[in-house]
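Below is one structure, written out as structure tokens; comments come after it.
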Amino acid sequence: MLRVARAIFTEFRSPKTVHERKGIAAAVGFGLLALALDQLCDHFKRTGQKPQEALSDGAAHIATAVAVAMPATPFVRDKRRFVVTAALSAVAIDLDHVIAARSTHLIPCMTMPQRPASHSVVTVGVVSYLAERMLPGTQTDLGLVLGLGSHLLRDLATGGAPLFIPKRIVAITRPPVATMMVTLGFFGRWYARHMLNPQRRRRSNQTVLAPEALLVGSRVLRARRLPTSSTARRPWAA
Ligand SMILES: [Zn+2]
């Protein structure tokens, strides 16, 4: 953990080329835009202008996701696809309001007592895992992690979200969320630079190893419980 924190700090301090600096400059620009849109959203919320609030909220989520994705762009293969993935996923996650409220109308979706259970780290894990399995080596998974992650972080500062357990709302004030957002952006940059480096033998997202390790582990345990006769099937050989 300390190594990751140190590596992220080093990324922050050492943009080596003009190209790499551009990613950070764009991130700062989109970050300021996100702050302005966030303030606008707050204003519409206070004055009860729901359609304008929804629009500015969506725009703030997109600007935040682009700001968080930008630092990684110098190190991904298809920059446009990467940023579009992050931006789209940052608004698409709110479609779960439509399912939870069982309505496509704005007011029921915006006045739910709390955000749906799918506003969770489990969603980020499942979606990025599926993306890595279906589109390996395209960095789509990292774009999704940054887009969905930025959305959930912003939601923590605007009413909270059931981040870990359904019905248990996690809410955090804006200043620590802004720090987490910057950390997420530089984590994405560090990850894209080092873990997706073409020189590495394994370029896949390392997070796919976690569920696979669980799967293999459970098969090994099951196999140990089975009789060791030659007729016993080896479950992992299926
Ligand atoms: Zn949301």
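At-a-glance table
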read-out	value
Unique match (being in contact (Cβ under 8 Å) with a residue 60 or more places away in the chain, surrounded by 17 or more Cβ atoms within 10 Å (Cβ to Cβ) and more than 16 Å from the ligand (Cβ to nearest atom)) among ALA60, ALA69, ALA86, ALA65	ALA69
Residue ID - surrounded by the most Cβ atoms within 10 Å (Cβ to Cβ), chosen from residues in segment 170-194 that are closer than 23 Å to THR85 by Cα and small (Gly, Ala, Ser)	GLY188
Candidate set from segment 29-72 (those that are assigned to a helix (DSSP H, G or I) and among the polar types (S, T, N, Q)); member that is modelled with the lowest pLDDT	GLN52
Unmet criterion (only one of (1) within 13 Å of the ligand (Cβ to nearest atom); (2) surrounded by 14 or more Cβ atoms within 10 Å (Cβ to Cβ); (3) not basic (Lys, Arg)) for SER128	(1)
Residues of segment 137-149 satisfying the condition of being more than 11 Å from the ligand (Cβ to nearest atom) and surrounded by 14 or more Cβ atoms within 10 Å (Cβ to Cβ)	THR138, GLN139, THR140, ASP141, LEU142, GLY143, LEU144, VAL145, LEU146, GLY147, GLY149
Residue within segment 154-161 that is in contact with a His (Cβ under 8 Å, 6 or more places away or on another chain) and not small (Gly, Ala, Ser) present	yes
Restricting segment 150-163 to residues that are farther than 22 Å from TRP190 by Cβ and under 13 Å from the mean Cα position of the chain (by Cα), the residue that is nearest to the ligand (Cβ to nearest atom)	ASP155
Helices (runs of 4 or more DSSP H) wholly inside segment 73-160 containing at least 3 residues that are farther than 26 Å from LEU196 by Cβ	96-101, 106-110, 140-157
Tally of residues being touching a residue at least 24 places away in the same chain (Cβ under 8 Å), within 15 Å of GLY149 (Cβ to Cβ) and assigned to a loop (DSSP other than H, G, I, E, B) across segment 161-198	2
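One line per residue, one yes/no per condition, for (1) out of contact with any helix residue (DSSP H, G or I) (no Cβ under 6 Å at 6 or more places or on another chain); (2) of a type outside the set (D, E, K, R); (3) away from the ligand (no atom under 12 Å from the Cβ):
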| residue | (1), (2), (3) |
| --- | --- |
| ASP94 | yes, no, no |
| HIS97 | no, yes, no |
| ALA100 | yes, yes, no |
| THR111 | yes, yes, yes |
| SER118 | no, yes, no |
| VAL124 | no, yes, yes |
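The values are calculated or read from the model by the stated rules, or taken from the named source; none is laboratory data. Just so it is clear, the structure is predicted and the values come from calculations on it, not from any experiment. Note that each Cβ is placed from the backbone with ideal geometry, even for glycine, and that neighbours are counted across all protein chains shown.
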